[in-house]
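One structure is given below, encoded as structure tokens.
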Amino acid sequence: MERAEAYGFSGAMSGAFLLSSLLFAAVSRRQRGPYMDEVFHVPQAQAYCHGRFLQWDPMITTLPGLYLLSVGVVKPAAWLLGWTGSVVCSVGMLRFINLLFSAGNFYLLYLLLFKIHQKNKAASGFQRILSALTLAVFPTLYFFTFLYYTDPGSVFFTLFSYLMCLYGNHKTSALLGFCGFMFRQTNIVWTVFCAGNVIAEKLNEAWKIELQKKKDEKISSRKGSFSDLSRVLQFLVEYLLSPKNLVTLTALTWPYIVLVSLFFVFVFVNGGIVVGDRSSHEACLHFPQLFYFLSFTVFFSFPHLLTPTKIRKFLLSLRKHPVQYSLITVMSLLLIWKFTYVHKYLLADNRHYTFYVWRKVFQRHELVKYLLVPFYIFAGWSFADTLKSKSIFWILMYFVCLLAVTVPQKLLEFRYFILPFLIYRLNIPFLSLYRQLLELAFYILVNAVTFYLFLNRTFQWENNDEVQRFMW
């Protein structure tokens, strides 16, 4: 990192932390008590603060990573500073843990952008800082910086694990992946993703050698068009069926294999992936979740995905491959018809934005969910088009992880999209400075509206005196 870039990054990070601290103070003043899921998280952390480690709220569905880390930070800090009484492990003190995670996420995002795009000599230090700042204030994640939720810590350990994987420190990466798993069980998918990075790299090397042997210039390891896909899959099967190759890959990825094995032991002993209340967190094949994720990604990455150039390229692709797109359309319609699920929370809780998205869009008419298919197809094409700089094996690996982390979820919940979005956004090329600034401005606007609604547009339910607030 050059000195000017180091100063710029330090200034951006310090400024962001200062503004976040001021916003944190405003949120804490307006909402002093636990809100929403904090009603479960805060008392559980406070029980751990008082040494009651066997106490557990059966409504909590995640492992106790957040509470253990909170106690590990707050108790030593209280001892050093001489704090006593209710201030130790208070709601504000526990929420402050996520403010620290937010600063850590900013730093990790910058380091990941630097590592992933290090071969891109055209990318300036200012662009890297700007992209890191933009992702650090990504609205769905940034909002939960100010509440005691698992999301900031879950993202922190997953990004840290990914960074160590890219630097080849796989044992450290697996250990950090375990920490991420302790915050949210589905993070095991991103451990598989880290292992997949290693495997994709080896596959890409072997694929290039294969192409050189055949001297076939028509097939590229970086294209992944419809005509190439079958040959790539054939090569993939042949490579993975070789015992020598399997031994090599196992030797490279054994820390991740150990962690995934421990995960399966946990699932067997626990009787499922969910801890605590399972009645509201049943796994299912909810394939339209992929379409919702693509729509979510287009919304938050419109400077990348929704451009006149991309629309023209998509229409040209439609004209060139009408049969393939017809099959995709039919398949999408079938998946929506047979695999659409509506969770009871989605219909009942009017504090979440998803409640209004569902009511205002999908419940307008039974046909709306089918009429959106052309948009889903464009979103999927544009999404894949921005990843064309990655190898076909990386894309396949990411797509498998994306399916694994979204499709089993019955509830439409924007928080579930945070990590797959960030991984995607980190790996696409830098845009022009104008589009990067447009993206940052859009995120700031969405955050401003979100916090305005949360802090000022309160409401109450019938027969309930508690103040309710709008949120993600």
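Below, the figures for the structure above:
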item: Contacts under 6 angstrom Cβ, first residue in the stretch 380-393 being over 14 Å from residue 232 (Cα atoms) and in contact (Cβ under 8 Å) with a residue 24 or more places away in the chain, partner open to solvent by 30 Å² or more (accessible area, probe 1.4 Å) and not in a helix (DSSP H, G or I), 6 or more apart; result: 389/429
item: Criterion (under 19 Å from residue 417 (Cα atoms) and part of a helix (DSSP H, G or I)) met by exactly one of 286, 304, 281; result: 304
item: Every residue from the stretch 89-128 that is open to solvent by 30 Å² or more (accessible area, probe 1.4 Å) and among the aliphatic types (A, V, I, L, M); result: 93, 100, 111, 116, 122
item: Residue within the stretch 384-400 that is within 14 Å of residue 289 (Cβ to Cβ), open to solvent by 30 Å² or more (accessible area, probe 1.4 Å) and in contact with a Cys (Cβ under 7 Å, 6 or more places away or on another chain) present; result: no
item: Residue 251, sole failed condition from (1) surrounded by 16 or more Cβ atoms within 10 Å (Cβ to Cβ); (2) out of contact with any Gly (no Cβ under 7 Å at 6 or more places or on another chain); result: (1)
item: Out of 130, 111, 176, 135, sole residue that is more than 18 Å from residue 8 (Cα to Cα) and either in contact with a Pro (Cβ under 8 Å, 6 or more places away or on another chain) or part of a helix (DSSP H, G or I) (or both); result: 176
item: Of residues in the stretch 232-278 being free of Cβ contacts under 8 Å to residues at least 24 places away in the same chain and either assigned to a loop (DSSP other than H, G, I, E, B) or of a type in the set (Asp, Glu) (or both), the one farthest from residue 404 (Cα to Cα); result: 242
item: Candidate set: the stretch 297-310, residues that are open to solvent by 20 Å² or more (accessible area, probe 1.4 Å) and under 26 Å from the mean Cα position of the chain (by Cα); chosen: the one modelled with the lowest pLDDT; result: 306
item: Residue, nearest to residue 196 (Cα to Cα), within the stretch 344-383, restricted to residues that are surrounded by 13 or more Cβ atoms within 10 Å (Cβ to Cβ) and among the small types (Gly, Ala, Ser); result: 380
item: Sole exception among (1) modelled with pLDDT under 95; (2) in contact with a Leu (Cβ under 7 Å, 6 or more places away or on another chain) for residue 24, by number; result: (1)
item: Test: residue in the stretch 396-418 that is of a type in the set (D, E, K, R) and not in a loop (DSSP other than H, G, I, E, B); result: yes
item: Members of the stretch 79-125 that are small (Gly, Ala, Ser), out of contact with any helix residue (DSSP H, G or I) (no Cβ under 7 Å at 6 or more places or on another chain) and at pLDDT 85 or above; result: 90
item: Within the stretch 419-438, tally of residues that are assigned to a helix (DSSP H, G or I), surrounded by 18 or more Cβ atoms within 10 Å (Cβ to Cβ) and more than 18 Å from the chain's Cα centre (by Cα); result: 1
item: Yes/no for residue 261 being more than 30 Å from residue 431 (Cα to Cα), loosely packed, with under 13 Cβ neighbours inside 10 Å, at pLDDT 95 or above and polar (S, T, N, Q); result: yes
item: Filter pass, residue 203 being surrounded by 23 or more Cβ atoms within 10 Å (Cβ to Cβ) and more than 26 Å from residue 299 (Cβ to Cβ); result: yes
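The values are calculated or read from the model by the stated rules, or taken from the named source; none is laboratory data. As the structure is a computational prediction, the values presented were derived from the model and not from experiment. Every residue, glycine as well, gets a Cβ built from its backbone with ideal geometry; the counts of neighbours run over all protein chains shown. Keep in mind that these areas ignore ligands, DNA and RNA; they rest on the heavy atoms of the full protein, side chains included. Shrake-Rupley method; radii C 1.70, N 1.55, O 1.52, S 1.80 Å.
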